[in-house]
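Q: To start, I am sharing the structure in question, which I have written as structure tokens.
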Amino acid sequence: MLFLMVCFSGTRKHTTGHRPEHQRLLEMAEGRTEEACHGLLTGERLPHHEMTLYQYFCMATLTITHRVPEETVVDFKVTEWNDRQVSAGVGATINFRDGADRAVISMDEERWFGAYFTAIRPLYLTRQGEAADDQGCFFLGTTGLPVANPSVSKTNHRMAAFNPHTPM
């Protein structure tokens, strides 16, 4: 199954524009994201590489669609997710602890993030060593530790390895 994905714009500061191809790739990946989300919410376990791509899709949604800086997404806390303000029929507002950033996410996006939080994140937590600390981060690496090195080039290589016809 094809699961397209791009992650970060490569900047750690606010930007007003992202490359249009990043947004297009996110839009192209929405169908597969919906399928994966449905599977996660019904108890299906995705292959490891698809869980990673699903997570990066969620992270990319915040950085590209909602213009949240990469550093804020990497530092996104579980408490911020739990404290989101849900608006019936609209979605939710996430207020990030830095106070400068917030994202108003759609109902679909809330469902995608919720599926990650309830199905993928707990699995990653089980892989944590005893002395490890997730630091309360929402997004974790496969070892249960906070994501350490998300970047465009790393994600593009993952995409290319998964689908050699993916444009860079």
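Q: Give all pairs with beta carbons closer than 7 Å in which a residue from segment 41-52 that is under 12 Å from Tyr116 (Cα atoms) meets a residue that is in a loop (DSSP other than H, G, I, E, B) and of a type in the set (S, T, N, Q); count only pairs at least 6 apart in sequence or on separate chains.
A: Going by the 7 Å Cβ cut-off, the qualifying pairs are Thr52/Thr142.
Q: Of the numbered conditions (1) in contact with a helix residue (DSSP H, G or I) (Cβ under 8 Å, 6 or more places away or on another chain); (2) at pLDDT 90 or above; (3) closer than 20 Å to His49 by Cβ, Leu145 fails exactly one; give the number of that condition.
A: Here Leu145 meets the rest and fails (1).
Q: Oh, and also: Would a scan of segment 52-66 turn up a residue that is at positive phi, surrounded by 14 or more Cβ atoms within 10 Å (Cβ to Cβ) and either of a type in the set (Val, Ile, Thr) or part of a strand (DSSP E or B) (or both)?
A: For segment 52-66, residues at positive phi, surrounded by 14 or more Cβ atoms within 10 Å (Cβ to Cβ) and either of a type in the set (Val, Ile, Thr) or part of a strand (DSSP E or B) (or both): absent.
Q: Which condition number does Met5 fail, the rest of (1) buried (at least 20 other Cβ atoms within 10 Å of the Cβ); (2) outside any helix (DSSP H, G or I); (3) modelled with pLDDT of 70 or more being met?
A: The single condition Met5 does not satisfy is (3).
Q: Let me ask something additional. Which number in (1) modelled with pLDDT of 95 or more; (2) farther than 18 Å from Cys137 by Cβ; (3) surrounded by fewer than 16 Cβ atoms within 10 Å (Cβ to Cβ); (4) in contact with a strand residue (DSSP E or B) (Cβ under 9 Å, 6 or more places away or on another chain) marks the one condition that Asp83 misses?
A: Condition not satisfied by Asp83: (2).
Q: Does Thr79 fit the bill of being among the β-branched types (Val, Ile, Thr) and over 20 Å from Pro146 (Cβ atoms)?
A: So Thr79 fails the test.
Q: Ok, one more. Select, from Leu140, Leu125, the only residue that is surrounded by 12 or more Cβ atoms within 10 Å (Cβ to Cβ), among the hydrophobic types (A, V, I, L, M, F, W, C) and farther than 17 Å from Ala60 by Cβ. I'd like the intermediate steps shown before the answer.
A: Working: Leu140 fails: farther than 17 Å from Ala60 by Cβ.
The match here is Leu125.
Q: Follow-up. Please specify each residue of segment 60-70 satisfying the condition of being under 19 Å from Gly99 (Cα atoms) and within 8 Å of the chain's Cα centre (by Cα).
A: The one that is under 19 Å from Gly99 (Cα atoms) and within 8 Å of the chain's Cα centre (by Cα): Leu62.
The values are calculated or read from the model by the stated rules, or taken from the named source; none is laboratory data. What you see is a predicted model, and the numbers here were worked out from it, not measured in a lab. All Cβ positions, even for glycine, are placed from backbone atoms using ideal geometry, and neighbour counts span all protein chains on display.
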